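Trainee: Supplied in structure tokens, the structure appears directly below.
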Amino acid sequence: MITVIECMGRHAGWLTAAAALANYAGDGADLIYLPERDFDLDAFTQKVKDIYAKQKKCLVVVSEGIHDKDGKFISEYGSANAAKDAFGHTQLGGLASFLANHLKAATGAKVRGIELSLLQRCAAHSASQTDIDESFSAGKAAVENAVAGITDKMVGFERSYVDGKYVCNIKLFNLTDVANTEKKVPVEWITPTGDGLTQDFIDYALPLIQGETKLPKENSLPRFVHLAKVKAEPIA
């Protein structure tokens, strides 16, 4: 089978790039494509054919926002009248389906397209302890700074290393530096062939997934917090 998995990411391919961590651990995706690099449909098709001919299987992970050299989204290839959102941006989606149909016609193989979509935002039970600890630190810093009267800032992270070990430091950023900007995957972290990630990305991402969480459960289901609704009185 040939499988195409579509991940979220219009212009920044961090979520898609994370698939490379599976390759680090063993067998992961054969091809990974991010929107930071132009996508060539013909070259892609040939690569899939070559891999499938050798392995009789091929796993592809693509960002929803991959585009050709002219800036046209590949997902638009399958829809000439793609809908627009309130900001005039093309609404993405259907990329996995388009590529699956394209590869099926090109190879005759069994092809499946999978669109993860919002499921990628619904897996808090899979968060690493590192991720949880940093989230709590960010929230704590936000409250402390707000109480201290500091405004127009966003809590961010700054990476450093102590004795060779990853350390995350809290840093405040001006909102003007954050709003309407994107932090993209460095192009040098993408392989020269444009279909994978380098060791530099693995070194960056691996510390972020460390630590197993002991998620409290009830009846084998995650235990959710139920907050009491208490009206906050204004400070005189």
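Trainee: What list of ³J(HN,Hα) couplings, whole Hz, do you get for region 99-105 from phi and the Karplus terms 6.51, -1.76, 1.60, once you set θ to phi - 60° and write x for glycine and proline?
Mentor: With coefficients 6.51, -1.76 and 1.60, one gets 5, 4, 5, 5, 5, 4, 5 Hz.
Trainee: If you don't mind, there's one more thing I want to ask. Taking volume of the Cα convex hull per residue in Å³ as the quantity of interest, determine which of (i) 134; (ii) 123; (iii) 203 was computed from the displayed structure.
Mentor: So the calculated entry is the one marked (iii).
Trainee: As a test of the formula, what do you get for the chain when each DSSP H run with n ≥ 4 contributes -39,500 (n - 2.57) and the sum is divided by the residue count, at 222 nm and rounded to the nearest 500 deg cm²/dmol?
Mentor: The per-residue figure over the chain is -8500 deg cm²/dmol.
Trainee: Here is a further query. Over 22 Å between Cα atoms, which of Lys69/Lys184; Lys171/Lys229; Lys140/Lys171; Lys47/Lys184; Lys57/Lys104 qualify? Mind showing how you got there, number by number?
Mentor: Numbers: Lys69/Lys184 18 Å; Lys171/Lys229 31 Å; Lys140/Lys171 12 Å; Lys47/Lys184 25 Å; Lys57/Lys104 13 Å.
Lys171/Lys229; Lys47/Lys184, as the Cα separations exceed 22 Å there.
Trainee: Another question about this same structure. Students often forget the sequence filter, so: which aspartates and glutamates lie under 14 Å Cα-Cα from Lys214 once same-chain residues fewer than 8 apart are removed?
Mentor: Reachable aspartates and glutamates: Asp131, Asp133.
Trainee: Given a Förster radius of 30 Å and the C-beta distance between Gln46 and Arg121 as r, what FRET efficiency does 1/(1 + (r/R0)^6) yield to the nearest 0.05?
Mentor: According to the calculation, E is roughly 0.30.
Trainee: For region 142-149, in order, what is each residue's ³J(HN,Hα) by Karplus, 6.51 cos²θ - 1.76 cosθ + 1.60 with θ = phi - 60°, in whole Hz (x at glycine and Pro)?
Mentor: Result, rounded to whole Hz: 4, 5, 4, 6, 5, 5, 7, x.
Trainee: Using the Karplus curve 6.51 cos²θ - 1.76 cosθ + 1.60 with θ = phi - 60°, what ³J(HN,Hα) values do you get for each residue of region 157-173, in whole Hz, with x for Gly and Pro?
Mentor: Per residue, the Karplus-derived 3J(HN,Hα) values read 10, 10, 7, 8, 10, 10, 6, x, 9, 5, 9, 10, 10, 7, 9, 8, 10 Hz.
Trainee: OK, next. Taking H as built 1.01 Å from N, whose amide H comes closer than 5 Å to the amide H of Gly113, not counting residues under 5 places away?
Mentor: The answer is Val4.
Trainee: Determine one quarter of the surface area of the Cα convex hull of region 2-121, which equals its mean projected area, and express it in nm² to one decimal.
Mentor: 7.7 nm²
Trainee: Another question, then. Quick one: which of 120-130, 225-235 comes out on top by average Cβ neighbours within 10 Å, and what's the full order, highest first?
Mentor: With the highest mean Cβ count within 10 Å placed first, the list reads 120-130, 225-235.
Trainee: Positive end of the dipole of the chain, charges at C-beta (+1 Lys, Arg; -1 Asp, Glu), about the Cα centre: which of Ala12, Val225, Leu206 has its Cα farthest in that direction?
Mentor: Of the options given, the answer is Val225.
Trainee: Which order do the peptides 187-195, 144-152 come out in when sorted by mean C-beta neighbours inside 10 angstrom, highest first?
Mentor: 187-195, 144-152
Trainee: Moving to a separate point now. Roughly what % of DSSP beta bridges within the chain run antiparallel, to the nearest 5?
Mentor: Working: 15 of 29 bridges.
Counting DSSP beta bridges with both partners in the chain, the antiparallel share is about 50 percent.
Trainee: Using label points projected 7 Å from each Cα along Cα→Cβ, tell me how many nm separate Ile150 and Ile114, to one decimal.
Mentor: Reported label-point gap for Ile150 and Ile114 is 4.2 nm.
Trainee: For region 159-191 and region 119-153, write down the distance between their C-alpha centroids in whole Å.
Mentor: Rounded to whole Å, the Cα centres lie 15 Å apart.
Trainee: Using the basic label-point model (7 angstrom from Cα toward the beta carbon), what is the Thr176 to Tyr24 distance in nanometres?
Mentor: It works out to 3.7 nm between the two label points.
Bear in mind that the values in this text are calculations on the coordinates, not laboratory data. This structure is a prediction, so every number in the text was calculated from the model and none was measured. Virtual Cβ from ideal backbone geometry, glycine too; neighbours counted across all protein chains shown.
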